[in-house]
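As structure tokens, the structure follows; a few thoughts come after it.
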Amino acid sequence: MSYLRNWFPVETVTSPPSSDGQIKKQRIPGSFIDDEGDDGSQTATENDDDSPPAFPALNSVQRAAASTPAKDSPSLAILRDSLLMPPPPVPAPASRVPGGSQSNSRPAASSLLAPLATTQKPAKPSRKVALAPGFGPLDWAKLKSSGEDLRGVGTLLRVPPSVLKLHNKKEDAWTAINGKVYNITPYLPFHPGGEKELMRVAGRDGTKLFSLTHAWVNVDYMLDSCHVGFLVSESSA
Ligand code: HEM
């Protein structure tokens with residue numbers, strides 16, 4: 001037990017000088033080396049071996065692997081660079097994240113921030129209009145799935161620009177977005193941006209205006225039940 005004390009920290013505090021002027025060292029209660037564990041039969045004598053064991057142990061692999069021990073201290077082996085593990089390779093410049101450490105404008109790829117997206121909603125004041133009661137997004141979803149005919153055509157058509165142009169009235173409005181032609185008449189009162197804005201693309205290819213306004217809107221899903229056909233070139237119609 002006594003030699004272990006050289007290895008484990010034994011917390012002691014020095015009390016302020018007592019009335020008799022003596023400074024006493026006290027053990028902190030709860031210290032994990034328990035003096036009371038000693039049965040008192042052994043007292044420190046010259047025969048006690050209080051020197052700590054060598055580390056690494058004399059017969060350890062580490063010691064065997066180490067080369068010639070230092071001259072002045074036969075029990076200590078000095079690890080030279082050649083005995084240590086080499087550092088990891090430096091990543092090739094191509095695998096580095098652009099703008100990672102060089103620029104402060106973008107976080108590194110490992111960041112928990114949302115990734116850059118071209119469809120990110122811009123932080124602008126809303127231009128949404130107040131929709132009439134019964135014309136909210138849920139009402140549109142209900143109408144879409146009601147089975148009511150919102151296309152107005154029996155089969156999917158090949159629509160050239162000259163035909164698209166004819167459908168430019170509120171009561172009969174078609175537009176082409178991403179190559180698909182939709183009948184937007186039933187959607188007009190449900191459009192959160194208002195009828196007037198939506199009518200700007202009636203009778204023509206609205207892809208550009210649509211993308212500039214709200215590329216994040218899933219038009220494929222929103223207007224699936226209004227799908228009329230596909231926009232084709234005049235010559236191939
Ligand atoms: C043709 C298919 C279109 C569909 C399915 C559609 C759908 C939508 C939807 C779902 C929203 C709400 C967006 C949100 O809450 O973030 C919206 C908002 C809006 N839309 Fe459309 N839209 C269409 C075309 C257009 C067009 C051609 C314009 C003309 C510029 C337009 C102008 C707007 C405006 C100004 C808003 C309000 C944006 C805001 O400030 O929040 N939309 N549209």
Can you name the residue in the stretch 182-237 that is polar (S, T, N, Q) and more than 10 Å from the ligand (Cβ to nearest atom) and, of all such residues, is most open to solvent (accessible area, probe 1.4 Å)?
-> S235
Residue by residue through the stretch 121-143, note down the ones that are open to solvent by 90 Å² or more (accessible area, probe 1.4 Å), in a loop (DSSP other than H, G, I, E, B) and more than 8 Å from the ligand (Cβ to nearest atom).
-> A123, A130, P133
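Working only within the stretch 149-180, note down all residues that are touching a helix residue (DSSP H, G or I) at 6+ places or on another chain (Cβ under 9 Å), over 15 Å from Y221 (Cβ atoms) and either more than 11 Å from the ligand (Cβ to nearest atom) or open to solvent by 70 Å² or more (accessible area, probe 1.4 Å) (or both).
The answer is D149, R151, G152, L157, H167, N168, K169, K170, E171, D172, G179.
Yes or no, residue by residue, for (1) within 24 Å of A130 (Cβ to Cβ); (2) of a type outside the set (A, V, I, L, M):
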{"position": "N178", "(1), (2)": "no, yes"}
{"position": "T185", "(1), (2)": "yes, yes"}
{"position": "L188", "(1), (2)": "yes, no"}
{"position": "K196", "(1), (2)": "yes, yes"}
{"position": "A202", "(1), (2)": "yes, no"}
{"position": "G206", "(1), (2)": "yes, yes"}
{"position": "T213", "(1), (2)": "yes, yes"}
{"position": "S233", "(1), (2)": "no, yes"}
{"position": "A237", "(1), (2)": "no, no"}
Name the residue, out of S146, S105, S111, that is modelled with pLDDT under 95, assigned to a loop (DSSP other than H, G, I, E, B), among the small types (G, A, S) and open to solvent by less than 90 Å² (accessible area, probe 1.4 Å).
-> S111
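The values are calculated or read from the model by the stated rules, or taken from the named source; none is laboratory data. It should be emphasised that the depicted structure is a prediction, and the values quoted were computed from it without experimental measurement. With ideal geometry, Cβ positions are generated from the backbone for all residues, glycine too; neighbour counts draw on all protein chains shown. Note: areas computed on protein heavy atoms with side chains; ligands, DNA, RNA excluded. Shrake-Rupley method; radii C 1.70, N 1.55, O 1.52, S 1.80 Å.
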